[in-house]
Structure formats: C-alpha cells, structure tokens
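The values are calculated or read from the model by the stated rules, or taken from the named source; none is laboratory data. Just so we're clear, the structure is a prediction, and the values are computed from it rather than from any experiment. Note that each Cβ is placed from the backbone with ideal geometry, even for glycine, and that neighbours are counted across all protein chains shown. Remember, those area values only see protein heavy atoms, side chains included, never the ligands or the DNA or RNA. Shrake-Rupley method; radii C 1.70, N 1.55, O 1.52, S 1.80 Å.
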Amino acid sequence: MEYIKSKVRDVIDFPKKGIVFKDLTTVFKDPRALHIIGWDLSQLYRDKGVTKVVGIESRGFIGGSILAFELGAGFVPARKPGKLPADTVSCSYDKEYGKDTIEIHRDAITPDDIVVIHDDVLATGGTMAAVYELVKSMNPKKIYVNFIIELGGLNGRSVLPADAEVTSLITY
Ligand code: AMP
C-alpha cells in the first residue's frame, strides 16, 4: 500500500481554492501500481459471489472495470444526467453548491445480483449515498461499497446508510 500511496499526487487548490485533490492518474499510469490496485481490490471481494460492479462517472470507471474483470462480474456505469441512452432511474443529491443528479439504466441490476459500488475517492459521501439509494431501489441481494481512497477527515461514511459495508484501500 505504501507503493500506491507514493504514486498518489496531491494537487493543491483543484478544482477550487482550499481543496487538496487526490489525483489517481499518477497511480493508474504506473503499471506496477495499477496491477496492485487490481489485485488488492479483487481480494476484498473474491469469495463474495459478486455479479455486478457499479462504477461512478468518471474516475470510478477505471478501478470499477478492473475490479469487475478480476471478479468475473459485469460492469454497470452510474452516469451524469442525459448520458445513458436507454431507460434510466435517477437520484438527485445535494452538493456543496446546488444539486446534482446521477443515473443508472433501469435494467442494469436485478434482484439476484450481488453488487459492489466503486468510486475512486470518498470525500463528503453525497455521490455514493445517491448511487447506493439507486442500486438499493433495484433490490439486489447484497450491496458492498468500495473506494480506493477515503478522506477520513471529511467523514463521508456518516452520510452512507448504516447497513452499507464500506471498504477503502487507503485512508488519509
Ligand atoms: P463526494 O464529496 O464524496 O460526493 O465526492 C464527489 C466526487 O468527487 C467523488 O467521485 C470523488 O471522486 C471526487 N472528489 C471529491 N473530493 C476529492 C478530492 N479531494 N480528491 C479527489 N477526488 C475528489
């Protein structure tokens, strides 16, 4: 994990003043780090019977796809409004400034699925809470929540449902 940490780039004041952005492009571009991420993520869920991984647009698509591939599961994108072509379910949530909406195809998850929802970073948790609600409304057997990085100081876990099983590879 120290190797992964050494590859995370802190970008100060991005996208706005006061934010320290955890940039994972410097992890993903490193072949060894990418390999470790794929292995470590998949080890968390190897024996859980996972059938679908939901990746959150857009940085969650990278780790989410790798995790799905490693587990032999399917991949489902959770996307910003108007991007998915077929019938969707959507959830609106509060961001620091105003509201945002996230969508999933209505037929993406079924009641026999065991799901991991993946994003790269847990910050305030609003985005993941919205996706969790969407996935929950589709009644899968089980939902796991996963991040590569958790920003512990922002306490994002507190806005996630108490029954959500949350796992992060690295906590700051
Ligand atoms: P959240 O505040 O947990 O809803 O985060 C919203 C999205 O922004 C997540 O998908 C994170 O990937 C991203 N994000 C928020 N804060 C940071 C940060 N400090 N560094 C990197 N990504 C972030």
| query | If Tyr45 satisfies every condition in (1) free of Cβ contacts under 8 Å to residues at least 60 places away in the same chain; (2) touching a Leu at 6+ places or on another chain (Cβ under 7 Å) but one, which is the exception? | reply | (1)
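Let's see how each residue does on (1) under 17 Å from Gly64 (Cα atoms); (2) within 10 Å of the chain's Cα centre (by Cα):
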| residue | (1), (2) |
| --- | --- |
| Thr101 | no, no |
| Val115 | yes, no |
| Ala123 | no, no |
| Glu133 | no, no |
| Lys136 | no, no |
| Val145 | yes, yes |
| Gly152 | no, no |
| Thr167 | yes, no |
| Which condition does Lys22 not pass, out of (1) open to solvent by 30 Å² or more (accessible area, probe 1.4 Å); (2) within 13 Å of the ligand (Cβ to nearest atom); (3) of a type in the set (Lys, Arg); (4) in contact (Cβ under 8 Å) with a residue 60 or more places away in the chain, if it passes all the others? | (1)
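Could you list, in sequence order, the residues of the range 154-166 that are within 20 Å of Phe61 (Cβ to Cβ) and more than 10 Å from the ligand (Cβ to nearest atom)? Let's see the steps before the verdict.
Let us first name the residues in the range 154-166 that are within 20 Å of Phe61 (Cβ to Cβ), namely 156, 166.
Answer for the range 154-166, where residues must be within 20 Å of Phe61 (Cβ to Cβ) and more than 10 Å from the ligand (Cβ to nearest atom): just Val166.
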| Qualifying positions in the range 134-148 - surrounded by 19 or more Cβ atoms within 10 Å (Cβ to Cβ) and touching a helix residue (DSSP H, G or I) at 6+ places or on another chain (Cβ under 9 Å) | Ile143, Val145, Asn146, Phe147, Ile148
| field | Among (1) within 29 Å of His35 (Cβ to Cβ); (2) touching a His at 6+ places or on another chain (Cβ under 6 Å) - the single one Ala86 does not satisfy | value | (1)
| task | Among what's in the range 114-133 and is in contact (Cβ under 8 Å) with a residue 40 or more places away in the chain and open to solvent by less than 10 Å² (accessible area, probe 1.4 Å), pick the residue that is farthest from Arg59 (Cα to Cα). | result | Val115
| said: Under 6 Å between Cβ atoms, which residue pairs at least 6 apart in sequence (or on different chains) link something in the range 82-106 that is without any contact (Cβ under 8 Å) to a residue 12 or more places away in the chain with a partner that is part of a strand (DSSP E or B)? | reply: Lys99/Ser92
